[in-house]
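Contents: one structure, followed by commentary.
No lab work stands behind these numbers, since they all come straight from the coordinates. These numbers were taken from a predicted model, which means no experiment stands behind them. Heads up, the Cβs are rebuilt from the backbone with ideal geometry, glycines too, and the neighbour counts pull from every protein chain shown.
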Amino acid sequence: MNIPTLHTKRLTLREPAQQDFAAFASFNASDAARFVGLHNPRDYACDTLGWTTVVSMIAAGNDASVGVATAMGAMREDDYQHPVYGAMGVYRHPAPTGAA
């Protein structure tokens, strides 16, 4: 598999390497890891918090986020005028299979 390396002024993204393992394992064993990277927030919300549904509030014009939400099965439900961030679409995600 050929994984490209991406560079910006502040960041380099590259494929994982063997020399990364010690730092990766150390971080994942730390208390800080619990604040990073829910792999599927919807499942966490339903399985752990007991929610039956979640919504994404997406700013008008943020087509990339709309694409992610709809690819995850969310459907536009309503419009919302946020007091700070302005116009937003409300996208409701389906409950995971088997959720109440």
For the chain, what is the mean residue ellipticity at 222 nm derived from helices alone (per DSSP H run of n ≥ 4: -39500 (n - 2.57); sum divided by total residues; nearest 500 deg cm²/dmol)? -7000 deg cm²/dmol
Only sites in a loop by DSSP and with at most 12 other Cβ atoms within 10 Å count here; which chymotrypsin sites (Phe, Trp or Tyr not before Pro) in region 49-100 make the cut? TYR85
When ASP31, ASP47 are ranked with the fewest other C-beta atoms within 10 Å first, the list becomes ASP31, ASP47
Sort out the exposed loop trypsin sites (Lys or Arg not before Pro) in the chain (DSSP loop, at most 11 other Cβ within 10 Å) and tell me the longest stretch that has none. 15-100
Prolate/oblate/rounded call for region 39-100, Cα gyration tensor, a/c under 1.5 rounded: prolate
